[in-house]
Amino acid sequence: MTTKRSESRKLLNSIISGDVSKPTNPSPAPSGSTKTKVSRTSPLGLMTDALSEVGRTNGVVSRDQVQSIDPHNCIPSIVQDRLPSDHDEDFEQLKVSIKQDGQQVAVLVRPVMGAPDKFQIAYGHRRWKACLELDVMLKAVVQDLSNEQLVIAQGQENHERKNLSFIETALFAARLKEDYPSEVVIRAIGARSKGTLSNYLKVPSLVPADVIEAIGPAPKIGRPSWMKLGELIDRKPAHAGKLAKLLNPIKISTQWRNSDSDERFRLVLKAAQNNFAEEKRSTKKEPSTLPFSGGELAKYSNTAKGASFVWNGELGRDFGEYLIDQLPELVKRFDELKKEET
């Protein structure tokens, strides 16, 4: 079965090569197959529109057709979707690929209003950056897009490629949520429900943005590990500021400079655990004492999970037996008290 990703690549290759002699209407679907509805703002939908436009204009270049534009005339999207990384081997490989074989997949841009020949990137920021550094022309499809269409196309392309890390997707969702309703954010990140969106938004609400940016994309670190860090920071209001101070000497260390983003996360988590986890244990509530005229009967603890007693000597054990005998009567009195309250 052909995937959306390969379909997009075939459409783009057709546009780039100029092979538009074939009918733009798809062949009839085989019996029993299901026709998939493609959103016009999805990467596949946008590329389909581009190819159709070439067919309609009989080879005359239109705005929707792939064009070569100067990457220096482009600006990034209105919402950042990636975190910078000091050790991005994939980007270096992309540069080598473009240098040797050319840009294989076009980016999507929209015209900048009031600025002729200026464009804003919807998706394809890494390809744009690579072309900038290589000083080569950028292949792009130019379309008029609203802000919502732009961020949805940007997010969906990232989702289809599956090359944003958890924390990059979470930050992208949090930034979108500042200006757009949940429905737009859900479509942009490819979430299935508001519950999934809530899971993404939780981490940026717990971990300070400067800590996340210092760590970077951390592609191998998933939500459970980020939540573990977030919960350590969230235990006390002062923890966020304390962690920032703890990181100052770490960030100038040789170990930090030589570490990739995943390892940097582990260094930050270790620092939080060493300083905040021990603090939690030291502030654990001590058991209370159950006094008696003849001495101490027991020590007891009462939490949300239940109560526990530690009897003190023979007198305490005698009281324990007495308490067990009295439980039926205590339950009866408790039941009557509750009935009076209602």
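The table that follows gives values for the structure above.
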{"quantity": "Probe 1.4 Å, all protein chains present, accessible-area order of Tyr200, Tyr123, largest first", "calculated": "Tyr200, Tyr123"}
{"quantity": "Inter-label distance, nm, simple model (7 Å from Cα along the C-beta direction), Ser68/Leu132", "calculated": "2.1"}
{"quantity": "Lysine pair number, Cα distance threshold 22 Å (strictly under), the range 230-342, separation 8 or more or different chains", "calculated": "21"}
{"quantity": "Alpha-carbon centroid distance for the pair the range 63-102 / the range 234-266, whole angstrom", "calculated": "30"}
{"quantity": "The range 231-342, accessible surface, carbon-and-sulfur percent (1.4 angstrom probe)", "calculated": "53"}
{"quantity": "At R0 = 30 Å, FRET efficiency that the Cβ-Cβ distance of Arg192 and Arg266 yields, to 0.05", "calculated": "0.50"}
{"quantity": "Accessible area per residue in Å² at 1.4 Å probe, computed on the range 227-342", "calculated": "74"}
{"quantity": "Order by protection proxy (mean Cβ within 10 Å, highest first), peptides 169-176, 321-328, 180-187", "calculated": "169-176, 180-187, 321-328"}
{"quantity": "Close Lys-Lys pairs in the range 78-214, where close means Cα under 14 Å and separation is 8 or more or interchain", "calculated": "7"}
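The values are calculated or read from the model by the stated rules, or taken from the named source; none is laboratory data. Computed from a predicted model, the values in this text were never measured in an experiment. A quick note on method: Cβ atoms are made from the backbone with ideal geometry, for glycine too, and the neighbour counts reach across all protein chains shown. We work out accessible area using only protein heavy atoms, side chains counted, and drop any ligands, DNA or RNA first. Shrake-Rupley method; radii C 1.70, N 1.55, O 1.52, S 1.80 Å.
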